[in-house]
Amino acid sequence: MRDMAIDDRPMKPAMWRGLRRRCPKCGEGHLFDGYLKVVDECPVCHEEMLHHRADDGPAYLTILVVGHLLAILIHFMWEWFRPEPMVMVTILGVFSVAVSLFLLPRLKGMVVAIQWSRRMNGFDQGD
């Protein structure tokens, strides 16, 4: 049984590393091979990353963030500028796709880092 009082995998630094798409352990190696494919192991510290189970979590978080941003933008655009509806749909559509594509890999990195930090889904096997 491991000692729960010692936190050798602090969550906040791991989350920041994941948001930067880096290995949650060393912060140096790339976490992804491509856009969303998580590497099997870190190329720098050789920590195994194949245990992750991000599933739908990053997509849900992306929708949550982008939806809130869109709600604020819709309100202020309509109150201040009153653009034509098709202009507003076009601008906000491009905005939502761009922000979603930017956030999705970063949030997936954060979810993988949280799983690594909390030793979920097999990340504790090497200890």
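Since every read-out is calculated from the coordinates, none of them should be taken as a lab result. On a predicted model such as this, the values are computed, not experimentally measured, just so you know. Cβ placement follows ideal geometry from the backbone for every residue including glycine, while neighbour counts extend to all protein chains displayed.
Which residues in region 83-127 have a backbone N closer than 17 Å to a point placed 7 Å from the Cα of Lys37 along the Cα-to-Cβ line?
Once the point is set 7 Å along Cα→Cβ of Lys37, 105, 109 turn out to lie under 17 Å by backbone N, inside region 83-127.
Count neighbours as other Cβ atoms within 10 Å of each site's Cβ, and list the trypsin sites (Lys or Arg not before Pro) in region 42-115 that are DSSP loop with at most 13 such neighbours. Intermediate values should be presented prior to the final figure.
Values: sites: Arg53, Arg106, Lys108; in loops: Arg53.
Passing both the DSSP loop test and the Cβ count: Arg53.
Under 5 Å between amide hydrogens, which residues at least 5 positions from Arg22 or on another chain qualify, with H placed 1.01 Å from N in the peptide plane?
So Arg22 has HN proximity to Leu31.
Only counting other Cβ atoms within 10 Å, I'd like Thr90, Thr62 sorted with the fewest neighbours first. Please report the intermediate quantities before stating the final value.
On the way: Thr90 12, Thr62 20.
So the ranking, lowest neighbour count to highest, is Thr90, Thr62.
HN-Hα J couplings of region 112-124 from phi, Karplus 6.51/-1.76/1.60, θ = phi - 60°, integer Hz, Gly and Pro as x?
Listing the rounded values in order: 4, 5, 5, 4, 5, 5, 8, 6, 8, 6, x, 6, 9 Hz.
Please identify every one of the GluC sites (Glu not before Pro) in region 45-127 that sits in a loop by DSSP and has no more than 12 other beta carbons within 10 Å of its own beta carbon. Could you put the intermediate results ahead of the total?
Working: sites: Glu47, Glu48, Glu79; in loops: Glu47.
Within region 45-127, no GluC sites (Glu not before Pro) qualify (loop, at most 12 other Cβ atoms within 10 Å).
Using modelled amide H (1.01 Å from N, peptide plane; none on Pro or chain starts), what sits under 5 Å from the amide H of Glu41, excluding residues fewer than 5 places away?
Met49
Count neighbours as other Cβ atoms within 10 Å of each site's Cβ, and list the chymotrypsin sites (Phe, Trp or Tyr not before Pro) in region 1-78 that are DSSP loop with at most 11 such neighbours. Mind dumping the intermediate values first?
On the way: sites: Trp16, Phe32, Tyr35, Tyr60, Phe76, Trp78; in loops: Tyr35.
Qualifying residues, ordered by number: Tyr35.
Of all the C-alpha pairs in region 11-117, what % are more than 20 Å from each other?
Working: 2585 of 5671 pairs.
The proportion of pairs with Cα distances above 20 Å equals 46 percent.
Give a residue-ordered list of calculated ³J(HN,Hα) values for region 47-58 (Karplus: 6.51 cos²θ - 1.76 cosθ + 1.60, θ = phi - 60°; whole Hz; x for Gly, Pro).
6, 6, 10, 6, 7, 4, 9, 6, 6, 8, x, x
Using the Karplus curve 6.51 cos²θ - 1.76 cosθ + 1.60 with θ = phi - 60°, what ³J(HN,Hα) values do you get for each residue of region 76-82, in whole Hz, with x for Gly and Pro?
Coupling constants for region 76-82: 6, 4, 6, 6, 9, 10, 6 Hz.
Assuming R0 = 35 Å, can you tell me the calculated FRET efficiency for the pair Asp124 and Ala71, based on Cβ-Cβ distance, to the nearest 0.05?
0.35
7 Å from Cα along Cα→Cβ at both Val97 and Leu50: what's the point-to-point distance in nm?
Reported label-point gap for Val97 and Leu50 is 3.6 nm.
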